[in-house]
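Written out below as structure tokens is the structure these notes cover.
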Amino acid sequence: MTSKNKKNVFVEGAIDARFICDSIKKHGSKTNIGAHSIFLGQVRGDLIQGKTVCAIDYSTYTEMAEKEFYKIREFAFSKFDLECLHIYHSLGKVNKGEINMFVFTSSKHRKASFDSCIEIVEMIKSNVPIFGKEIFDDGTFVWKENTI
Amino acid sequence: MHPCTMKINIVTFGKLSELIKKKVLEVEPGIDVFSLKKFLAREFPQINQLDFKIAVNMELVNENYIIEENSEIVLLPPFAGG
């Protein structure tokens, strides 16, 4: 198991659908896996005080975020019977409709991949210091806060 | 520096980085996080209504945590990842 490996989570800009496809394909050689779960976060074009969000500009406290992602990986591998786990999150500008997060859990049977995926996404939202500036069409912005 | 103060380094993110420009503060030695928050509210009234957490050495700390001289105090506004 590779839970000890330090993984590079952050990617610059949006996460491309081809990257996600390639990641799925790569797991074809791991024939002990029988179930994958994928969560994709997508930037919404919310209407806030009469203005539409056109993008979110993500920033982070890198050192602490990497430490938190590592803790999440360790937790996930200790709690669930996972074969594989990948987490990617965007930094910088991601336009509405584009993907900003990709969580990919794999296990022998479906329950571990389903359950771990949900818990990992919740932990990322509450524990990892990532900040988002919601940019409007007119260039103004507000700082985003996660809803529980 | 005043003999009865110690220096701490402030690092800010998100909205707080727009509101706090001062990076080094002089505070009372042995100050805890609770008192530091009150100090910050006095020093930077513009952050009074804002919710934020404090991290030291990449870990969130609670209000009883005692801050050491030259510590890097990281002010973290609400998270927005995912």
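Readers should treat all values here as calculations from the given coordinates under stated rules, not as data from a laboratory. Quick caveat: nothing in here was measured; it's all calculated off a predicted structure. A quick note on method: Cβ atoms are made from the backbone with ideal geometry, for glycine too, and the neighbour counts reach across all protein chains shown.
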Kindly write out, for the range B:8-25 in residue order, the coupling ³J(HN,Hα) from the Karplus curve 6.51 cos²θ - 1.76 cosθ + 1.60 (θ = phi - 60°), rounded to whole Hz, with x marking Gly and Pro. 10, 9, 9, 10, 10, 9, x, 4, 4, 6, 7, 9, 10, 9, 6, 9, 10, 10
What are the principal axis extents of the Cα atoms in the range B:22-66, in Å, biggest first? 25, 23, 19
Which is the longest run of chain B containing none of the GluC sites (Glu not before Pro) found in DSSP loop states (not H, G, I, E, B) with at most 12 other C-beta atoms within 10 Å? B:1-62
Work out Dmax and Rg for the range A:1-65 from the C-alpha atoms and quote the Rg first, both in angstrom. 16.6, 51
Trypsin sites (Lys or Arg not before Pro) within the range A:19-53: DSSP coil, no more than 13 neighbouring Cβ in 10 Å: A:Lys30, A:Arg44
Amide H of B:Ile31 versus every other amide H placed in the peptide plane: which residues, excluding those fewer than 5 positions away on the same chain, fall under 5 Å? B:Ile67
Hey, got the Cα dimensions of the protein assembly as shown along the principal axes, in Å, largest first? 67, 43, 25
Which ³J(HN,Hα) values in Hz, rounded to whole numbers, follow from the phi angles of the range A:68-85 under the Karplus curve 6.51 cos²θ - 1.76 cosθ + 1.60, where θ = phi - 60° and Gly and Pro get x? 5, 5, 4, 5, 5, 4, 4, 4, 4, 5, 7, 8, 10, 8, 9, 9, 7, 8
In chain B, the chymotrypsin sites (Phe, Trp or Tyr not before Pro) that sit in a DSSP loop and have at most 12 other Cβ atoms within 10 Å of their own Cβ are none
Can you give me the angle between helix B:33-43 and the longest principal axis of chain B, using Cα atoms only, in degrees from 0 to 90, rounded to the nearest 10? 80
Which whole number gives the average count of other chain Cβ atoms within 10 Å of the Cβ atoms across peptide A:124-133? 6
Which log10 I(q)/I(0) values, to two decimals, does the range A:18-148 give at q = 0.09, 0.19, 0.21 Å⁻¹ under the Debye formula with one point per Cα? -0.30, -1.08, -1.21
Let me confirm one metric for peptide A:60-66, namely the mean number of other chain beta-carbon atoms within 10 Å of its residues' beta-carbons. 4
q = 0.17, 0.22, 0.26 Å⁻¹, the range B:1-51: log10 I(q)/I(0) [Debye, one scatterer per Cα]: -0.53, -0.86, -1.13
Which peptide among A:84-95, A:106-117 comes first, and what is the full order, when sorted by highest mean count of other Cβ atoms within 10 Å? A:84-95, A:106-117
